[in-house]
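As structure tokens, the structure follows; a few thoughts come after it.
None of the figures in this text is laboratory data; all of them are computed from the coordinates on show. For clarity, every value in this text was computed on a predicted model and none was experimentally measured. All Cβ positions, glycine included, derive from the backbone under ideal geometry; neighbour counts span all protein chains shown.
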Amino acid sequence: MKTLQCPACGHKVNLKQAGATKKVNGIFMLQCANCQQWSHESRNAAVVKNLGLMLMITGSVMGYFQLGGIITGPLIAVIGGLIAVATLLAVPRVVYTGT
Ligand SMILES: [Zn+2]
């Protein structure tokens, strides 16, 4: 289970232990159990993360059919996965100020 960090108080927000969750305009919101602050994933991070996931899927398919040799597909998949994970870790969550 991945752990997220509350942008307001730095408290680790576990998806299972989160105070509450909700969806606003298709964006997944998490409430911090410590400070009750709502936060969500940065929009830019979501775009880059999806790009990484797409690379990962493309690379997996390429690797499965051995398109471009046995190295290219898995390599693309690994790079895509790294991009997705790095984005999640590097880009801080955004404090949600609406209601
Ligand atoms: Zn918090």
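Restricting segment 44-77 to residues that are buried (at least 18 other Cβ atoms within 10 Å of the Cβ) and not hydrophobic (A, V, I, L, M, F, W, C) leaves a set whose member that is nearest to the chain's Cα centre (by Cα) is 49. Filtering segment 24-41 to residues that are away from the ligand (no atom under 15 Å from the Cβ), over 11 Å from residue 4 (Cβ atoms) and loosely packed, with under 13 Cβ neighbours inside 10 Å leaves 24, 25, 26.
Tell me yes or no: at least one residue of segment 30-43 is among the aliphatic types (A, V, I, L, M) and either in contact (Cβ under 8 Å) with a residue 24 or more places away in the chain or in contact with an Asp or Glu (Cβ under 7 Å, 6 or more places away or on another chain) (or both). Explain how you work it out, then say what you get.
Residues of segment 30-43 among the aliphatic types (A, V, I, L, M): 30, 33.
Okay, now just the ones that are also either in contact (Cβ under 8 Å) with a residue 24 or more places away in the chain or in contact with an Asp or Glu (Cβ under 7 Å, 6 or more places away or on another chain) (or both), so 30.
Looking for residues that are among the aliphatic types (A, V, I, L, M) and either in contact (Cβ under 8 Å) with a residue 24 or more places away in the chain or in contact with an Asp or Glu (Cβ under 7 Å, 6 or more places away or on another chain) (or both), one finds at least one in segment 30-43, hence yes.
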